[in-house]
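**Q** Following this message is one structure expressed as structure tokens.
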Amino acid sequence: MVRSISLNAFIALYTVMIIIAVLLIAPFDGSGRLIHRYCARPWGRGIIRASGARVKVTGIENIDASLPRIYMTNHQSIFDIFALLAFLPVDFKFIMKQELMRIPLFGYATIKAGYIGITREDPRKAIASMNEAAKRIASGSSVLIFPEGTRSTDGVLLPFKKGGFTLAIKSGCDIVPIAIAGSHRIAKKGSLAIKKGSFEMAFGRPITVSTYSKKDTQALMSAVRDAISDLMIEAEKKG
């Protein structure tokens, strides 16, 4: 309990420090690239190190930072975000819940980093968000999506939402599946407890989207879900 309280206090204070850094860098960074490199990535790395969590990363050879791609991963814990920032060697933009971008200061930091908010309850706003994401991809940015739309409480893969796959087909951008296995044992959804341990992050081979059309959206969803599921199974075996 004392460990969790101390770590949560550190995360809060460190986050404030990073936000201050964002405020200083933002006037000189129109694209959010500097903020990602000098604020977001150190934020993720610092919290991973301070927590003592060990992340076993595989499949890094499947990452090509020079190409704009859509990265899709399952979601088990807030530590997924820290690990993705720390170990995915790409300048990417999160597609995230709009309500998170309304949090004072933190929301400002996410906007300046170029992250894209989505409101799933409002179809018009959701479409507008996906159109904005498509523009970012066209300009050379990669985006990261949690297709489940929320965190799994027990590590089991949840049903996927359609929006990210519509974006992929519209942009023609390849999808890189990412599997995270075991992070829910570090920090569960709805709990402030942070436990010691390790989890796996596996980067899969890119899935070519150019052969899919709008009518094939469900097939693309299945292909990506199967890829992530297979990577999760392999990661759990190695773990």
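Bear in mind that the values in this text are calculations on the coordinates, not laboratory data. Since the model is a prediction, treat every value here as computed from it, not as a measurement. All Cβ positions, even for glycine, are placed from backbone atoms using ideal geometry, and neighbour counts span all protein chains on display.
**Q** Mind jotting down a quarter of the surface of the convex hull over the alpha carbons of region 1-61, in square nanometres, one decimal? Don't skip to the answer; put the middle values down first.
**A** Numbers: hull surface 21.5 nm².
For the Cα atoms of region 1-61, the hull's average projected area reads 5.4 nm².
**Q** I need two numbers for the chain: Rg to one decimal and Dmax as a whole number, Cα atoms only, in Å.
**A** My reading of the Cα-based Rg and Dmax gives 17.1, 53 Å.
**Q** How long are the semi-axes of the equivalent ellipsoid of region 142-203, taking √(5λ) for every eigenvalue λ of the Cα gyration tensor, in whole Å from largest down? Show your work: numbers first, answer last.
**A** On the way: eigenvalues 143, 35, 15 Å².
Ellipsoid semi-axes (Å, largest first): 27, 13, 9.
**Q** Neighbouring Cβ atoms within 10 Å as the yardstick, rank 167, 220, 13 fewest first.
**A** Ranking 167, 220, 13 by Cβ neighbours within 10 Å, fewest first, gives 13, 220, 167.
**Q** Once every DSSP H run of n ≥ 4 in the chain is given -39500 (n - 2.57) and the sum is divided by its residues, what mean residue ellipticity at 222 nm do you get, rounded to the nearest 500 deg cm²/dmol?
**A** Computed mean residue ellipticity for the chain: -13000 deg cm²/dmol.
**Q** Which order results if 130, 17 are arranged by neighbouring Cβ count within 10 Å, fewest first?
**A** Starting with the residue having the fewest Cβ neighbours, the order is 17, 130.
**Q** Once phi is turned into θ = phi - 60°, what whole-Hz ³J(HN,Hα) does the Karplus curve with 6.51, -1.76 and 1.60 give for every residue of region 37-48, x standing for Gly and Pro?
**A** Here the 3J(HN,Hα) series is 6, 9, 10, 5, 5, x, 4, x, 4, x, 6, 4 Hz.
**Q** Roughly how many whole Å is it from the C-alpha centroid of region 186-211 to that of region 65-116?
**A** 13
**Q** Give the Cα extents of region 123-239 along the principal axes, in whole Å, largest first.
**A** Largest first, region 123-239 extends 41, 29, 25 Å along its Cα principal axes.
**Q** Going by amide H atoms built from the backbone, whose H comes under 5 Å of the H on residue 72, apart from near neighbours?
**A** Placed amide hydrogens put 145, 176, 178 under 5 Å from residue 72.
**Q** What FRET efficiency do you get for residue 195 and residue 105 if R0 is 45 Å and r is their Cβ-Cβ distance, rounded to the nearest 0.05? If you can, show how the numbers build up before the last one.
**A** Working: r = 28 Å, r/R0 = 0.63.
Efficiency computed from Cβ-Cβ geometry: 0.95.
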